[in-house]
Amino acid sequence: MHYCSFRHKLFSRRLLHSRFLSSSSKDPQKKVLVLGCNGSLGSTIISRLREQEKGATCKSMHVVGADIVHMARDTAVVPVDSFIQLEKGSSDELGDCLLKGFRDIFQTKPEFDVIICANGGFATDENPISDELMAMNYNPIAAMSCQMMLPFISSKEALFVAFGAVAALRQVDDNSQMKKYIASKTLVHDHIQRLGSITGKSLRPSKRLEDIVMRKQFLCLHNLTAIAILPSILDTVTNRELMNPSNLDLQHWNKMDDIAEEISKWIRIKELRPSSGSLIKCVTENGLTDFIISR
């Protein structure tokens, strides 16, 4: 497991206590953090969460979006309550950006009920951008689940969702042009499985001494559910332009609305959540998507 560096572990805790007032347990709103909020997947998920609130007398969620892509001035495009501008960098640097954003947005230390890492990208190995895939696909997940950030995750059955890839479950062919992409997504899978094993919501919580100490030190780990969703091909405008699929192909592409709806169910009904550390494959046949536990 590769957590982000603990280089400012003690300093960070002192800083947090000095910059935030005491947390309040009276806030009825769920706090939701969506990394990659301006992408196709992130914005679809946020829109679904907002639909969930329709008819309510007040908002049930405070949705914080974070992205390296600048937010459009019209927040109706991606309906978040607050936005954190991220800069490209290591997991440590992304963690610093998130901490600054939390201090700017909240008076009291926020504890997020839901964290959705919808960040990510794809490129074949010959594309120069492939060297950035680790930063796009893995670093934000590592940033939000390192020890420095665990105090910002609620101890009341929080949900942590990341995105892997079905392609990363298969053996890599020597001639594959997707090695860098698959490597970045494999690391996501390993990270979620390792994080899940530390939590009390795992089928087999780790009994390693260091993990037991972690659970005692960070209350969120007792009730946290960490899951990775593994799409095959997402049905996005960009993917359609790049791949020019036939109507038959599209019957097997994963619909973002289906994924957003599944996450929405996990938020609303905790009993429907898979065990912590699960890898969930998206399998779409004839336009209908099933979510199947892979590992």
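At LEU250 and GLU157, where each label point lies 7 Å from the Cα along Cα→Cβ, what is the point-to-point distance in nanometres?
Computed distance between label sites LEU250 and GLU157 equals 3.9 nm.
Candidates [x] 20.1; [y] 19.6; [z] 21.0; which is the computed Kirkwood radius over Cα pairs in Å?
Entry [y].
Amide H to amide H under 5 Å from GLN29: which residues, 5+ apart in sequence or cross-chain, H placed 1.01 Å off N in plane?
none
May I ask you to rank GLU132, GLU51 by accessible area, largest first, using a 1.4 Å probe over the protein chains only?
Result of the area sort, largest leading: GLU51, GLU132.
So if we plug the beta-carbon distance of SER40 and LEU209 into 1/(1 + (r/R0)^6) with R0 = 41 Å, what FRET efficiency do we get, rounded to 0.05?
0.45
Given the options ILE68, SER43, VAL213, identify the residue whose Cα lies farthest towards the positive end of the charge dipole of the chain (+1 on Cβ of Lys, Arg; -1 on Cβ of Asp, Glu).
Going by the Cα projections, it comes out as VAL213.
Before rounding to the nearest 500, sum -39500 (n - 2.57) across all DSSP H runs of length at least 4 in the chain and divide by the residue total; then give [θ] at 222 nm in deg cm²/dmol.
Helix contribution divided over all residues of the chain: -10500 deg cm²/dmol.
Please compute the net charge surrounding LYS179, taking Lys and Arg as +1 and Asp and Glu as -1 over other residues with Cβ under 15 Å from its Cβ.
-3
How far apart, in nm, are two points set 7 Å out from the Cα along the Cα-to-Cβ line at ARG170 and at LYS59?
Distance between the two pseudo-spin positions: 4.2 nm.
Can you tell me the accessible area per residue over the chain, all protein chains present, probe 1.4 angstrom, in square angstrom?
The answer is 50 Å² per residue.
Determine the dipole magnitude for the stretch 179-295: charges of +1 sit on the beta-carbon of Lys and Arg, -1 on that of Asp and Glu, nothing else is charged, the reference point is the Cα centre, and the result goes in debye to the nearest 20.
The dipole of the stretch 179-295 has a size of about 780 debye.
What is the spin-label model distance, in nm, from SER294 to ALA183 if the labels are put 7 Å beyond Cα along the C-beta direction?
1.9
Only Lys, Arg, Asp and Glu count, each charged at its Cβ (+1, +1, -1, -1), so figure out the dipole size of the chain about its Cα centre, rounded to 20 debye.
I would put it at about 1520 debye.
Take the residue pairs LYS156/LYS281; LYS88/LYS270; LYS59/LYS185; LYS31/LYS180; LYS185/LYS216; LYS54/LYS207 and return only those whose Cα atoms are more than 32 Å apart.
LYS88/LYS270; LYS59/LYS185; LYS31/LYS180; LYS54/LYS207
The values are calculated or read from the model by the stated rules, or taken from the named source; none is laboratory data. Because the structure is predicted, anything quoted here is derived from the model rather than measured. Glycine also receives a Cβ, built like all others from the backbone with ideal geometry; neighbour counts cover every protein chain displayed. In case anyone asks, the SASA skips ligands and DNA or RNA and just uses the protein heavy atoms, side chains included. Shrake-Rupley method; radii C 1.70, N 1.55, O 1.52, S 1.80 Å.
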